[in-house]
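The values are calculated or read from the model by the stated rules, or taken from the named source; none is laboratory data. The shown structure was predicted, so the numbers you read here are calculated from the model rather than taken from an experiment. Note that each Cβ is placed from the backbone with ideal geometry, even for glycine, and that neighbours are counted across all protein chains shown.
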């Protein structure tokens, strides 16, 4: 990591990057915000904002289970439970005749209730309350290693399944007729989304993690009319929001995650005004 820190110091000799914890936060933003921008495009296009929000509730329950089992580092329990939670919702959504928002609402409410109940058991809630608001400045070197491998893995899987996932989002019946196993592809996407949410929630926080997924993509959709530009601009917006949010939080002494979301919100409203001039 020392070599990377030296490169940052030479390439970006800014005051706010003079601290190790700010360098770690900056590297984390470079790794995680593009994933938010990328996955968020499909979340927005498929109207899955409610679903992605429920994954945050599921991750919160994973934290509680890890705490109950005495796990010192609850990341494993968060990821496992989040992936299981996403898979169950996706399966039942595809098999049940009930409306999607009802199914997601039931699971989401149940997950957050169980999580809060387990965390409040024995008066230990305060120990894990940071997961509600997150702390992006607490990222360690080992966390960055995890983020790097997740970043690479998500990009590889995304390139493999994107065309199939896009066809499914357009017309599920057409995708099935082309021999695409729609349930399997949706499960893979749900698992990717769950993993990204699970590993990010401890730094971003349950209360705003869905906003970081939805806002960059929603802003990009306001001004784009093609798939390629939609993805590129969404990733750009997510990355810029992350970097400027980090800088602003340093100088204004505000919560980093909330500041990033605020900048994303500003971008959304600006692009909403620009919508008639959408990029072809």
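Things to note:
- Near pairs, Cβ below 9 angstrom, 6+ apart or cross-chain, from region 193-220 (at positive phi and modelled with pLDDT under 90) to any residue that is surrounded by fewer than 24 Cβ atoms within 10 Å (Cβ to Cβ) and assigned to a loop (DSSP other than H, G, I, E, B): 205/134; 205/135; 205/255
- Flag for residue 229 being surrounded by 20 or more Cβ atoms within 10 Å (Cβ to Cβ) and either touching a residue at least 40 places away in the same chain (Cβ under 8 Å) or touching a strand residue (DSSP E or B) at 6+ places or on another chain (Cβ under 7 Å) (or both): no
- Residue check for residue 179: part of a loop (DSSP other than H, G, I, E, B), more than 18 Å from the chain's Cα centre (by Cα) and at pLDDT below 90: yes
- Unmet requirement for residue 58, which otherwise passes all of (1) more than 18 Å from the chain's Cα centre (by Cα); (2) modelled with pLDDT under 85: (1)
- Qualifying residue in region 198-206 (condition: surrounded by 15 or more Cβ atoms within 10 Å (Cβ to Cβ) and in contact with a strand residue (DSSP E or B) (Cβ under 6 Å, 6 or more places away or on another chain)): no
- Lone qualifier among 234, 249 - being buried (at least 20 other Cβ atoms within 10 Å of the Cβ), within 22 Å of residue 23 (Cβ to Cβ) and either modelled with pLDDT of 90 or more or touching a helix residue (DSSP H, G or I) at 6+ places or on another chain (Cβ under 8 Å) (or both): 249
- Subset of region 27-47 that is in contact with a helix residue (DSSP H, G or I) (Cβ under 6 Å, 6 or more places away or on another chain) and farther than 19 Å from residue 153 by Cβ - its residue that is modelled with the highest pLDDT: 44
- Residues of region 165-184 satisfying the condition of being crowded, with 19+ Cβ neighbours inside 10 Å and within 20 Å of residue 52 (Cβ to Cβ): 165, 168
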